[in-house]
Amino acid sequence: VLILGIYDDLKNIKPKIKLFIQLFLVTITVYLSDIKIESLGFLLGLPFTQDLGLLAIPFTMISVLGLMNAFNMVDGLDGQAGIVSILALIGIFIFGLDQADNYLYKILLTILSGLIVFLFFNLISNKNMKIFLGDGGSLFLGLVISFSLIYCTQILNIFSPSFALWCVAIPLFDFFSVVILRIIKKQHLIIANRDHIHHFLETFNFSKTFITFLTGVFGFVFLFLGYYLEINFSTISFWIFIILFSFYLLIRLYYEHKAKI
């Protein structure tokens, strides 16, 4: 996936071809690792678990593919994807990953350490020292975080699938709102466009630095809220997530309508 992203940064692969290769790579990973979403746990708040059965593999493939590209989409401003990734990794660490699987913990801690250093050189104003994630970096992070979340919820069982959503709330909010808006406007789903969360915030004349800061603040608030709900009200965690997303989507729809008028 990293090599695919780097090649795309250099040569600009057609979106459909890139998506097909991603699907192939995710399928291989699921097959070799046997890491898949077999159960949603008590996600819907019902008194029994929601097991996927035969839908486990296709659901996993779609979920990983979606989250990978959600991280790629949110990488529109300096520092934004890096901060979102750091928050996701912190969320994975909260429930004692170091005790449950020390090997994965060390891998993710290494990535987290690299991201902290990366942020400095990504946000620095000196153009000669500035570095970027590119498609290679954002897709790689999306893949690693996706499978780590699945592994923690399905195999280690250290937190629920609903908390996993809170770890990546910002990329998911952005991804699903963009998809819904493009469907409503009858636009192509996999072309680049100025309809992401950072583009929306730019319409309020916020600076790029402030938008990145705001994204980080909301990401932290979502993570804290998800942690609180996981500990105290896990059965309604998913529905709170849906309510907040619906509220964000309504705001986007309102401003889309206002702009059209």
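Report, by residue number, each residue of the range 178-223 that is farther than 21 Å from residue 165 by Cβ and of a type in the set (S, T, N, Q). Of everything in the range 178-223, those that are farther than 21 Å from residue 165 by Cβ and of a type in the set (S, T, N, Q) turn out to be 187, 193, 203, 205, 207, 209, 212.
Cβ separations smaller than 6 Å between residues 6+ apart or across chains give the following pairs from the range 61-76 residues that are in contact (Cβ under 8 Å) with a residue 40 or more places away in the chain to residues that are part of a loop (DSSP other than H, G, I, E, B) and buried (at least 20 other Cβ atoms within 10 Å of the Cβ): 73/196; 75/133; 76/196. Can you name every residue in the range 69-83 that is over 16 Å from residue 190 (Cβ atoms) and open to solvent by less than 30 Å² (accessible area, probe 1.4 Å)? Selection gives 77, 79, 80, 81, 82.
Applying the condition of being part of a helix (DSSP H, G or I) and either without any contact (Cβ under 8 Å) to a residue 12 or more places away in the chain or within 13 Å of residue 159 (Cα to Cα) (or both) to the range 95-106 and asking which residue is least open to solvent (accessible area, probe 1.4 Å) yields 97.
Per-residue answers, yes or no, for (1) open to solvent by less than 10 Å² (accessible area, probe 1.4 Å); (2) aliphatic (A, V, I, L, M); (3) over 28 Å from residue 56 (Cβ atoms); (4) without any contact (Cβ under 8 Å) to a residue 40 or more places away in the chain:
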residue	(1), (2), (3), (4)
158	no, yes, no, no
177	yes, no, no, no
181	yes, yes, yes, no
207	no, no, yes, yes
214	no, yes, yes, yes
227	no, no, no, no
233	no, no, no, yes
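A single member of 191, 236 is over 17 Å from the mean Cα position of the chain (by Cα) and not in a helix (DSSP H, G or I), and it is 191.
With respect to residue 194, is the statement that it is out of contact with any Lys or Arg (no Cβ under 8 Å at 6 or more places or on another chain), surrounded by 12 or more Cβ atoms within 10 Å (Cβ to Cβ), free of Cβ contacts under 8 Å to residues at least 60 places away in the same chain and more than 18 Å from residue 244 (Cα to Cα) true? Judged against the criteria, residue 194 is not a match. Among the residues making up the range 18-68, a single one is open to solvent by 60 Å² or more (accessible area, probe 1.4 Å), closer than 23 Å to residue 180 by Cα and modelled with pLDDT under 90: 44. Quick check on residue 91: is it at pLDDT 90 or above, more than 24 Å from residue 38 (Cα to Cα) and not in a loop (DSSP other than H, G, I, E, B)? Answer is no for this residue.
Among the residues of the range 110-120, are any closer than 22 Å to residue 212 by Cβ and of a type in the set (Gly, Ala, Ser)?
yes
The values are calculated or read from the model by the stated rules, or taken from the named source; none is laboratory data. Keep in mind that what you see is a predicted model, and the values were worked out from it rather than measured. We place every Cβ from the backbone using ideal geometry, glycine too, and count neighbours over all the protein chains shown. SASA here: full protein model, heavy atoms, side chains in, ligands and nucleic acids out. Shrake-Rupley method; radii C 1.70, N 1.55, O 1.52, S 1.80 Å.
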